[in-house]
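Okay, structure first, notes after.
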Amino acid sequence: MSDTSPNAVTGHHLPALGGLRALAVLGVMAYHLQFGWASGGYLGVDLFFVLSGFLITTLLLEEWAGTGRLNLASFWARRARRLLPALFLVVLGLAVYLVVNAHLGGMGANGLVDLSSLRGDALATILYVGNWHAIYAHQSYFAQFSTPSPLQHTWSLAIEEQFYLVWPPVLLLVLRSARRSWRQMGLVVAVVVALVSAGLMALLFHPGGDPTRIYYGTDTRAFDLMTGAVVAFLAAARPQPNKRAQRTLHVAAPAAAAALGVFWVVSGTTQSLPRNFMFEGGFLLCAILAAVVVADARLFDQGLFARALSVRPLHFLGTISYGVYLWHWPVFVYLDAQRTGLSRAPLDIIRVAVTLGLASASYYLVEQPIRRRQFRGAWRLWLAPAAAVATAAALVVATVPAIAEPSAVATTSHTTTPVGQTVIGSGGLAGQTPIALGTTISPAHPLRVVVLGDSVMHDAYFAINAALGSTGEVDVMPNTIDGFGLTTATNWPMSLPTIIRNEHPQLIIASWSWDQDGPSTPNALHQPAAYTALLRRAVSLMLTPGNGVKGIIFTQFPEPGNILATNLSQQAAYNKARVAGTKAWNDIAASMTTSFPGRVMYLPIGSSLLLNGRFSSWLPPAGRPNAPVSQWTRIRKLDNVHLCPEGASRYADALLTDLTSIFGLSAASSDWANGAWTTDPDFNTPAGSCPDDHPAGAT
């Protein structure tokens, strides 16, 4: 996080402020290392914001009080000299890493890194608009643990830089307009802006939704910076309070710090998401507590708490905290268990050590020399823009493989199954843009697939795994939950990123049925517009740039049959609604192909389980529609919804045919449908669900 000299109050050295920076960056690092006791460690960023609001406003007010003017050009030049060198160094280091990694490992060596998305992230970082870029690119901050962009953490730097650009001119206008009452007027402005910002956060927050827009927004985070500005205006009215006030602060500050510590421990969920109350006033309360701590730390006459913050290790860490913040996240992203082969504790130690080493080198070898050097003439005007252009150019070059890799798909020599010619249910791909994986599928580099859905998709998974796995080129991971749906499993904004983080899929195959009915919640049948928006949000989350997911394939949910009900008078209406709801869900899932062309496909393979377009619990042998009913096979469980082994294999066969057409998979083993998976206990739960019976007559 950006750093301001601790000599910000009438030239006095204030090491306690450095200690606060150290605590802030430690909290952020603990949060990003996913320590359970630091679920609220994201509040370290808020402490940084409050500190910056105080220090920047104090610097400007001291200049105004001393000279009667503000030299904005000089202020911005100092900020550029302080902030840009370290930032450019991180971006250039990232570019070098990508080039060397790709060179040593060949095309695709950068693994799950979405290079094209990273290019946009890097350019947004250099321009200090990373927070708004992330918002409009639908990058969820709370999906960040699923192989995110190594520059995702720079959203906070963008907010601070926007504050540096906007606040000084606004402050100058206030100072000039208010004349002798500038302290009172400035205090009122800071308080009003803080309250409006916090109110906007609460107004825009909707429980259960992804809060990224609120978390990233400059407008909804300004209250942190303005809270720090409030402390600066209060200090300007009385640079050092009387002894009684100082004693009060010496008691209040440790109490406020202890309260903040509680928030840092309990204000996050197990999925690292802020709890709802944080958006409804919790963040503002934490900003006020941080302001009390800052008000004490800036005193010349230190209390016990401020002296504790001034100890050398904390002061040193605070001194290099900007570099630590910049370097820690790229290091955490790339030094993972897969690359290092280390378990958690040793891995975390290595990550922290590398981060501290890089930050120290950056501070002493780059940041300080440039900060102290006086640039004159053309150098002063053009050095920063030239460095920005050079850094951007380096990133463009480093991410060129993101453009080159998709062509590899076209080089595959695998044969493909003619679409729709041999397998019922396959071939419904007309008009859809195929998903481009950007890599060549092979046994050495198999396609990673996650099967997502409810209990019906769980039945299908066994056959899907057998079919795709028999090609030798696909790894299939199940993530099915009985009763899964966006309106039933409402924690999906957290669980989906967790699944992606754990499994690293390139492709998600999904289908479920529990969002079809229930007028009290957004559902496909009764509230199609609301449910379409809900599904679109879920798709955007699963396709978060940088998480490695190249596409989503929705498979048609199989039409259910009649379900016995205890109230027979309602059975006909209930089953009619079930069929209508299934069609409604399938239609909305199919519409995602228009919203996300080339990223989402819809395969109408449910017809593989129909007989002449209608539901049936049994089907004749494949290719023999006129076979006697004694040879027909049960494809549905007795509940007329879930799948028996034969039904799962027909559903998977249609999927296999379509995926072979799309991705050029090698031929599957001819006996994949007869494996041990067919005897899995799932198909006999509850007992007798899939009896070896046949229809009494043609159905």
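The values are calculated or read from the model by the stated rules, or taken from the named source; none is laboratory data. Just so you know, these numbers come straight off a predicted model, no measurement behind them. Note that each Cβ is placed from the backbone with ideal geometry, even for glycine, and that neighbours are counted across all protein chains shown. With ligands, DNA and RNA removed, areas are computed over all heavy atoms of the protein, side chains included. Shrake-Rupley method; radii C 1.70, N 1.55, O 1.52, S 1.80 Å.
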(request) Would you tally the net charge around VAL174, using a Cβ to Cβ cut-off of less than 15 Å, leaving VAL174 out, and scoring K and R as +1, D and E as -1? (result) +4
(message) Students often forget the sequence filter, so: which aspartates and glutamates lie under 17 Å Cα-Cα from LYS583 once same-chain residues fewer than 8 apart are removed?
(response) ASP454, ASP515, ASP517, GLU559
(request) Within segment 290-315, which residues have the backbone N less than 11 Å from the label spot 7 Å out from LYS243 along Cα→beta-carbon, could you tell me? (result) none
(request) For every other residue with a beta carbon closer than 15 angstrom to the beta carbon of HIS458, add +1 if it is Lys or Arg and -1 if Asp or Glu, then tell me the sum. (result) -4
(message) Please report the net charge: other residues with Cβ closer than 15 Å to the Cβ of PRO597, K and R +1, D and E -1.
(response) +3
(message) Heavy atoms only, 1.4 Å probe, whole protein assembly: order ARG221, ARG119, ARG614, ARG69 by accessible area, highest first.
(response) ARG614, ARG69, ARG119, ARG221
(request) Sort segment 5-89 into rounded, prolate or oblate with this rule: let a ≥ b ≥ c be the square roots of the eigenvalues of the Cα gyration tensor; rounded if a/c is under 1.5, and if a/c is not under 1.5, prolate when a/b is larger than b/c, oblate otherwise. (result) prolate
(message) Leaving ligands and nucleic acids out of the surface, order LEU326, LEU429 by accessible area at 1.4 Å, largest first.
(response) LEU429, LEU326
(request) Any lysines with Cα under 22 Å of the LYS576 Cα? List them, leaving off those in the same chain fewer than 8 positions away. (result) LYS637
(message) Solvent-accessible area of VAL579, probe 1.4 Å, all protein chains present, reported in Å² to the nearest ten, please.
(response) 60
(message) 5 Å is the cut-off here: which amide hydrogens, built 1.01 Å from N in the peptide plane, fall below it relative to THR269, excluding neighbours closer than 5 in sequence?
(response) ARG275
(message) For GLU367, GLU62, GLU280, give me the order by solvent-accessible area with a 1.4 Å probe, most accessible first, ignoring ligands, DNA and RNA.
(response) GLU280, GLU62, GLU367
(request) For MET477, list long-range residues whose amide hydrogen, built 1.01 Å from N in the peptide plane, is under 5 Å from its own amide hydrogen. (result) VAL449, VAL450, VAL451
(request) Round to the nearest 10 and report in Å² the accessible area of VAL331, as given by a 1.4 Å probe over the protein chains' heavy atoms. (result) 10
(request) For TRP618, enumerate residues with amide H under 5 Å from its amide H, sequence gap 5+ or separate chain, H modeled in the peptide plane. (result) ILE635
